[in-house]
1. If the cut-off is a Cα-Cα distance under 22 Å, which lysines reach K4, setting aside same-chain residues fewer than 8 apart in sequence?
2. Sort 81-90, 58-67 by packing, meaning the average of other beta carbons within 10 Å per residue, with the highest value first.
3. Determine the sum of side-chain charges near S84: Lys and Arg each +1, Asp and Glu each -1, restricted to other residues whose C-beta is under 13 angstrom from that of S84.
Amino acid sequence: MTTKRKPAGVGEILIEEFMKPIGLTQGALAEAMGVQRKHVNELCNERRAVTAPTALILARVFGNSPDFWLNVQRRGDLWKALHSPRERKRIERARPPAIRGMTAHGFRSIASTILYAQGWNRGNRAPACPCRAGRGARRVQLHGASGYGQDCLLRVAQI
């Protein structure tokens with residue numbers, strides 16, 4: 001999501017695309033949804049987030065999918081996180097976890113952690129890589145096997 005323009009929120013879409021065309025008021029929508037008018041008012045003014053149950057109710061009332069409503073909410077949440085200086089700092093501080101004892105061409109990976117946990121670096125025989133890069137390794141390295149395509153992710157190397 002690289003756009004600088006804020007995506008349309010749930011309230012804007014609810015009002016402009018669903019309520020106005022059929023002349024639906026907040027009170028009438030609240031009655032159709034079986035919720036208080038305050039709930040609908042907060043959705044329309046974007047002071048309340050769409051939850052899974054609310055998405056299911058809106059989908060039933062308007063005849064579309066709950067995923068539509070959840071995706072509208074998700075787009076707005078992601079945009080806010082990416083454009084909030086405070087959240088941006090938290091995001092930029094995040095790093096992949098350091099994994100002791102495993103190398104993967106200079107970076108550490110979750111896949112290496114799984115292999116490490118299964119004992120493949122402790123002298124156990126490692127499974128052969130489809131590219132036939134090696135067998136019986138004590139350390140596993142990730143690679144994109146040239147000539148074999150991206151299907152091959154594991155290279156078993158003798159160390």
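Just so you know, all these numbers are worked out from the coordinates, no wet-lab data involved. The structure displayed is predicted, hence computed values, not measured ones. Heads up, the Cβs are rebuilt from the backbone with ideal geometry, glycines too, and the neighbour counts pull from every protein chain shown.
1. Hits, sequence-local ones excluded: K80, K89.
2. In descending order of packing, they fall as 58-67, 81-90.
3. +3
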